[in-house]
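Visitor: Before anything else, here's the structure in question.
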Amino acid sequence: MAKIFCVANQKGGVGKTTSAVNLAAGLAKVGQRVLLVDLDPQGNATMGSGVDKRQLELSVYDVLLESASIQEASIFSEKCGYHVLGANRELAGAEVELVDLERRDQRLKAALEVVDKDFDFVLIDCPPSLSMLTLNGLCAAHGVIVPMQCEYFALEGLTDLVNTIKQVHANLNPDLKIIGLLRVMFDPRITLQQQVSEQLKSHFGDKVFNTVIPRNVRLAEAPSYGLPGVVFDPSAKGSQAFVEFAKELVQRIPTL
Ligand code: ADP
Ligand code: MG
């Protein structure tokens, strides 16, 4: 059975997409069968996995509107070693088109049930809002991985997300829980980041992943080459951290 995780945080620019593509590549590297679902109309996870969003014949949009299956609409990225269900601007329209449809928040879940045996992990890169798209991700998932920067308002921002997850858990998806908080873009020289990191650990205990992703320019450069950092420069500190994170996640699965 595939483990299905959303990479979510309602803030933009916190490292969701970077975490999603590099975790996908890290999991593939340690032998896992991975599907990465891009649920953001910006299509950054698609482009960052070597798939041109402007040339998609079918995308997650068609899957949500039930005009294509995931088998039909996903593409295997040879370079990255995982499957991609891509997105582009067309997906922004799905928000409106889904409103009047039945089971509008369960579309992705239903589509994933069909490919459940084909993958070990499904990672869903969510947009930075609680939209119908994010809701489809949260309804389909077993859990949420929350990338966060250790900044002053980090804990405050987390409250909204935790409440959303609680509501979805109570009303729509009893499986849903927080898998863990991933500290990203971490700079140990900054005292405030160390302090916030400690606060996170005391509030959330073992819900904070042991692996810390450092701020690393190679991770930021990789998308312009259409690759996750893990593939673009495997020796970079940030890439190594994501492979470590993939291993930590695989180890945690039996305890979830
Ligand atoms: P989100 O998907 O949450 O909007 P992104 O993953 O696109 O966030 O990241 C926002 C920006 O930060 C991007 O320019 C990305 O390249 C950069 N970035 C993300 N993680 C790191 C990191 N660990 N080190 C350096 N830059 C990073
Ligand atoms: Mg993103």
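The values are calculated or read from the model by the stated rules, or taken from the named source; none is laboratory data. None of the values given here were measured: they were computed from a predicted structure. Quick reminder, even Gly has a Cβ in these numbers, built from the backbone with ideal geometry, and neighbours come from all protein chains shown. What goes into the accessible areas is simple: the full protein's heavy atoms, side chains included, and nothing from ligands, DNA or RNA. Shrake-Rupley method; radii C 1.70, N 1.55, O 1.52, S 1.80 Å.
Visitor: Give the residue that is nearest to ligand 2 (Cβ to nearest atom), with candidates limited to residues of segment 161-201 that are in contact with a Gly (Cβ under 6 Å, 6 or more places away or on another chain) and open to solvent by less than 20 Å² (accessible area, probe 1.4 Å).
Guide: Among residues in segment 161-201 that are in contact with a Gly (Cβ under 6 Å, 6 or more places away or on another chain) and open to solvent by less than 20 Å² (accessible area, probe 1.4 Å), the one nearest to ligand 2 (Cβ to nearest atom) is Val184.
Visitor: Being surrounded by 19 or more Cβ atoms within 10 Å (Cβ to Cβ) and within 15 Å of ligand 2 (Cβ to nearest atom) is the filter here; which residues of segment 214-228 pass it?
Guide: Listed by number, the residues that qualify are Leu219, Ala222, Pro223, Pro228.
Visitor: Follow-up. Of the residues Arg103, Arg33, which single one is under 24 Å from Val230 (Cα atoms) and open to solvent by 60 Å² or more (accessible area, probe 1.4 Å)?
Guide: On inspection, the qualifying residue turns out to be Arg33.
Visitor: Just give me the residues in segment 37-59 being in a helix (DSSP H, G or I), within 10 Å of ligand 2 (Cβ to nearest atom) and of a type in the set (A, V, I, L, M, F, W, C), in sequence order.
Guide: Ala45
Visitor: Among Ile70, Ile75, which is the only one that is open to solvent by less than 50 Å² (accessible area, probe 1.4 Å), touching a His at 6+ places or on another chain (Cβ under 9 Å) and not acidic (Asp, Glu)?
Guide: Ile70
Visitor: Let me ask you something else. Anything in segment 23-42 that is among the polar types (S, T, N, Q) and touching a Leu at 6+ places or on another chain (Cβ under 7 Å)? List them, or say none.
Guide: none
Visitor: Scan the strands (runs of 3 or more DSSP E) fully inside segment 115-229 and keep the ones with 3 or more residues being closer than 29 Å to Val63 by Cβ and either more than 14 Å from ligand 1 (Cβ to nearest atom) or not acidic (Asp, Glu) (or both).
Guide: Hits in segment 115-229: 121-125, 143-148, 177-186.
Visitor: Looking at segment 192-214, is at least one residue under 18 Å from Gly81 (Cβ atoms), of a type in the set (Val, Ile, Thr) and out of contact with any Asp or Glu (no Cβ under 7 Å at 6 or more places or on another chain)?
Guide: no
Visitor: What number of residues in segment 37-59 are within 16 Å of ligand 1 (Cβ to nearest atom) and closer than 19 Å to Leu135 by Cβ?
Guide: Summing the residues that are within 16 Å of ligand 1 (Cβ to nearest atom) and closer than 19 Å to Leu135 by Cβ in segment 37-59 gives 7.
Visitor: Starting from residues that are within 17 Å of the chain's Cα centre (by Cα) and assigned to a loop (DSSP other than H, G, I, E, B), keep the ones in segment 60-108 and report whichever is farthest from Phe119 (Cα to Cα).
Guide: Asn88
Visitor: Also, quick follow-up: Filter segment 13-36 for residues that are within 16 Å of ligand 1 (Cβ to nearest atom), not in a loop (DSSP other than H, G, I, E, B) and not hydrophobic (A, V, I, L, M, F, W, C) and give the result.
Guide: Selection gives Lys16, Thr17, Thr18, Ser19, Asn22, Gly26.
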